[in-house]
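Peer 1: Before anything else, here's the structure in question.
The values are calculated or read from the model by the stated rules, or taken from the named source; none is laboratory data. Note that the coordinates shown come from a computational prediction; the quantities given were computed from them, not determined experimentally. Here the Cβ positions follow ideal geometry from the backbone for every residue, glycine too, while neighbour counts run over all protein chains shown. Heavy atoms of the whole protein, side chains included, go into the accessibility calculation; ligands, DNA and RNA do not. Shrake-Rupley method; radii C 1.70, N 1.55, O 1.52, S 1.80 Å.
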Amino acid sequence: MHLVVTAHTPDGHLSYQRTSPEAALEKADELAADGHEWIVITDITGRHYEPGEFDTLFVNPGS
């Protein structure tokens, strides 16, 4: 699986590639903890998910 985690900062975009949903969500949480805003996870089809939505759909479905 190919996922890109992106945070938008005043200095530009920060993007990180991850290969599992759990790793992508972990990176998104790290970026949020560092104070970055507008964090999205993008899948291979180009769909964007906010971390909470991504968690519900792919990491912890049904919770």
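Peer 1: Name the single residue, out of those in region 22-43 being at pLDDT below 95 and not small (G, A, S), that is nearest to H2 (Cα to Cα).
Peer 2: It comes out as W38.
Peer 1: Which residue pairs have Cβ atoms closer than 6 Å, lie 6 or more positions apart in sequence or on different chains, and pair a first residue in region 1-18 that is touching a residue at least 40 places away in the same chain (Cβ under 8 Å) with a second residue that is buried (at least 18 other Cβ atoms within 10 Å of the Cβ) and of a type in the set (A, V, I, L, M)?
Peer 2: Listed pairs, sorted by first residue: L3/A24; L3/I41.
For every residue, the table says whether it meets (1) of a type in the set (V, I, T); (2) in contact with a Phe, Trp or Tyr (Cβ under 7 Å, 6 or more places away or on another chain).
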residue	(1), (2)
L3	no, no
P10	no, no
H13	no, no
L25	no, yes
D29	no, no
I39	yes, no
R47	no, no
T56	yes, no
P61	no, no
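Peer 1: On the given criteria, is V40 β-branched (V, I, T) and under 8 Å from the mean Cα position of the chain (by Cα)?
Peer 2: yes
Peer 1: Sticking with this structure for a sec: Scan region 31-62 for residues that are open to solvent by less than 40 Å² (accessible area, probe 1.4 Å), touching a residue at least 12 places away in the same chain (Cβ under 8 Å) and part of a strand (DSSP E or B) and jot them down.
Peer 2: Across region 31-62, the qualifying residues are I39, V40, I41, T42.
Peer 1: Only residues that are more than 10 Å from H36 (Cα to Cα) and polar (S, T, N, Q): list them for region 7-16, please.
Peer 2: Across region 7-16, the qualifying residue is only S15.
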